[in-house]
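The values are calculated or read from the model by the stated rules, or taken from the named source; none is laboratory data. Worth saying up front: this structure is predicted, and the values here are computed from it rather than measured. Here Cβ is always computed from backbone atoms with ideal geometry, including for glycine, and neighbour counts include all displayed protein chains.
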Amino acid sequence: MRMSERVWMILAALWLLVAAVFLWRGNLSAAFVIATLGAVAWFLSYRSQLRAKVPIEQEHELVDEERDED
């Protein structure tokens with residue numbers, strides 16, 4: 001797991017933990033906003049995971065396209 005993925009996962013877990021505290025204390029609107037931030041952080045973690053895989057595949061496609069042009 002890359003560093004950026006790990007940071008986003010830690011942030012997601014922290015936001016969800018804070019949301020649980022707000023929910024427990026009865027502050028539903030703050031819990032919703034904080035949980036949404038946690039979900040966004042999780043999606044950013046997933047995005048960084050995909051971006052780590054995609055450039056390699058795109059590089060191969062560029063090489064294939066150059067061969068097709070010749």
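Quick notes
- Contact annotation: residue pairs with Cβ atoms under 8 Å, 6 or more positions apart or on different chains, pairing a residue in the stretch 36-60 that is within 30 Å of Leu23 (Cβ to Cβ) and among the polar types (S, T, N, Q) with a partner that is at pLDDT 80 or above and surrounded by 16 or more Cβ atoms within 10 Å (Cβ to Cβ), are Ser45/Trp8; Ser45/Met9; Ser45/Ala12; Ser48/Trp8.
- Among the candidates Ser4, Ser29, the residue that is surrounded by 15 or more Cβ atoms within 10 Å (Cβ to Cβ) and either among the polar types (S, T, N, Q) or touching a residue at least 40 places away in the same chain (Cβ under 8 Å) (or both) is uniquely Ser4.
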